[in-house]
Amino acid sequence: MADIQTIVVLTGAGISAESGLATFRGPEGLWEGRRVEEICTPEALFADRELVLDFYDQRRRALATVEPNAGHRALAWLDQHWPGELLIVTQNVDDLHERAGAQRVLHMHGELLSALCSACGARGGFAGDMIGGPRCAVCGQDALRPDIVFFGEMPYEMERIEALLTRADLFVSIGTSGAVYPAAGFVQGARQAGADTLELNLEPSAGSHHFHETRIGPASVLVPAWVEELIAEG
Ligand SMILES: [Zn+2]
């Protein structure tokens, strides 16, 4: 693996779960008696805006209670030291990669710390609560929503991700279920284009058989070990 230059890393809930970030799902996958899949939709935002904003306000507040873990820190270190092309594509909406020091991060499902105006499409950094929060700074309407890709919406920057996957020498998936498309298809795209593929996960995922190699364990242990190995080989 001496010829690796372009690396695409995909991260999912597994890496943030180790920082103690709750998924807000109870034992039956419910939040305040409702299925999360029914809250995080454009229809729910229209029908019950307060409920949807409250859900994300609570998740945004929870960010203050967690810290990046060794998995985030190892990826940030790699980002800072890798001389080739690298992109950390994350399905997570938290800011733990950034707080660990990573810069080449793409939030394909959006970010808790960003707001999107339903009226004019402006987006920008956001802190605090949206319930009782500010109006859009650009158009003045009371129409800010979380800048989050809801169920039924298209993930961000798919063209950029797919273009990079076709050039990747190495694709690494960390802490993802391998069950949610389109991210679940990244491994097949990268592999068809000739990349080596590696999965680091707490348990075998739905897509494990697509990878050249799967390592089972916590991200806080597996990611630092992999980064060390990668640097030693390079
Ligand atoms: Zn606006």
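The values are calculated or read from the model by the stated rules, or taken from the named source; none is laboratory data. Source: prediction; values computed, not measured. Backbone-built Cβ (ideal geometry, glycine too); neighbour counts: all protein chains shown. Heavy atoms of the whole protein, side chains included, go into the accessibility calculation; ligands, DNA and RNA do not. Shrake-Rupley method; radii C 1.70, N 1.55, O 1.52, S 1.80 Å.
Side notes on the structure shown:
- Subset of region 96-119 (residues that are open to solvent by less than 10 Å² (accessible area, probe 1.4 Å), under 23 Å from Leu144 (Cα atoms) and within 13 Å of the chain's Cα centre (by Cα)): Leu106, Met108, Gly110, Leu112
- Among (1) open to solvent by less than 60 Å² (accessible area, probe 1.4 Å); (2) free of Cβ contacts under 8 Å to residues at least 12 places away in the same chain; (3) not assigned by TED's automatic domain parsing to the domain that holds Phe126 - the single one Leu165 does not satisfy: (2)
- Asp79 being crowded, with 18+ Cβ neighbours inside 10 Å and within 16 Å of the ligand (Cβ to nearest atom): no
- Any pair with Cβ under 8 angstrom, 6 or more apart, that starts in region 141-161 at a residue that is without any contact (Cβ under 8 Å) to a residue 24 or more places away in the chain and ends at one that is among the charged types (D, E, K, R) and within 14 Å of the ligand (Cβ to nearest atom): Asp142/Arg135
- Contacts under 6 angstrom Cβ, first residue in region 94-109 being modelled with pLDDT of 95 or more, partner basic (Lys, Arg), 6 or more apart: Ala100/Arg73
- Some residue of region 69-80 being basic (Lys, Arg) and farther than 17 Å from Val172 by Cα: no
- All positions within region 169-200 that are outside any loop (DSSP other than H, G, I, E, B), modelled with pLDDT under 95 and crowded, with 21+ Cβ neighbours inside 10 Å: Ala183
- Residues of region 111-130 satisfying the condition of being on the phi < 0 side of the Ramachandran plot, near the ligand (Cβ under 9 Å from one of its atoms) and part of a loop (DSSP other than H, G, I, E, B): Ser118, Ala119, Cys120, Ala122
- Region 67-82 residues that are over 11 Å from His97 (Cα atoms), paired with ones that are surrounded by fewer than 18 Cβ atoms within 10 Å (Cβ to Cβ) (beta carbon under 7 Å, 6 or more apart): Gln80/Gly101
- Test result for Val138, open to solvent by 70 Å² or more (accessible area, probe 1.4 Å) and within 16 Å of the ligand (Cβ to nearest atom): yes
- Hey, Glu203 open to solvent by 50 Å² or more (accessible area, probe 1.4 Å), in a loop (DSSP other than H, G, I, E, B) and more than 21 Å from Ile161 (Cβ to Cβ) or not: yes
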